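Everything on this sheet refers to the single structure shown next.
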Amino acid sequence: MWGIGSEDSQEVLRTFRDQMGLTFPILFDDGGSVQSQYNPGSTPTNSAYPQDWIIGVDGTVVYVKTEFGPEEMLAIVETELARIE
């Protein structure tokens, strides 16, 4: 799992990580160029709200939403993991 930030500075991202006690890497996507490459079209990638993305085992976007849906996300992750077993 990685967090990716493209709207805030690296300093703001580090402060957020530390305040939240996050232990996974948070990557800095300067200008949002990586985010734009994965834009699936159905959910705007320039949303002011945090987004959850799941990239499938084949490298394609299989999930992106601005609303937290843990049950749906877990089901998708389990499906993707089963594809590599």
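The values are calculated or read from the model by the stated rules, or taken from the named source; none is laboratory data. For clarity, every value in this text was computed on a predicted model and none was experimentally measured. Glycine gets a Cβ as well: all are built from the backbone with ideal geometry, and neighbour counts include every protein chain shown. To get the accessible areas, we keep the full protein, side chains included, count just its heavy atoms, and leave off ligands, DNA and RNA. Shrake-Rupley method; radii C 1.70, N 1.55, O 1.52, S 1.80 Å.
Residues in the range 40-66 that are closer than 20 Å to Glu80 by Cβ and modelled with pLDDT under 80: Pro40, Ser42, Thr43, Gln51.
Quickly run through the range 8-21 and pick out the residues that are open to solvent by 60 Å² or more (accessible area, probe 1.4 Å), more than 22 Å from Met73 (Cβ to Cβ) and either without any contact (Cβ under 8 Å) to a residue 12 or more places away in the chain or not in a helix (DSSP H, G or I) (or both). Write out each step before concluding.
The first filter runs over the range 8-21 and keeps only residues open to solvent by 60 Å² or more (accessible area, probe 1.4 Å), leaving 8, 10-12, 14-20.
Narrowing further to those that are more than 22 Å from Met73 (Cβ to Cβ): 8, 10-12, 14-15, 18-19.
Asp8, Glu11, Val12, Thr15, Asp18, Gln19 - these are the residues of the range 8-21 that are open to solvent by 60 Å² or more (accessible area, probe 1.4 Å), more than 22 Å from Met73 (Cβ to Cβ) and either without any contact (Cβ under 8 Å) to a residue 12 or more places away in the chain or not in a helix (DSSP H, G or I) (or both).
Identify the residue in the range 4-31 that is at pLDDT 80 or above and of a type in the set (Gly, Ala, Ser) and, among all such residues, is farthest from Arg83 (Cα to Cα). Here the answer is Ser9.
Restricting the first member to the range 22-48 and to residues that are closer than 19 Å to Phe68 by Cβ, and the second to residues that are surrounded by 12 or more Cβ atoms within 10 Å (Cβ to Cβ) and at pLDDT below 65, the beta-carbon pairs closer than 7 Å and six or more apart or on different chains are Gln35/Thr45.
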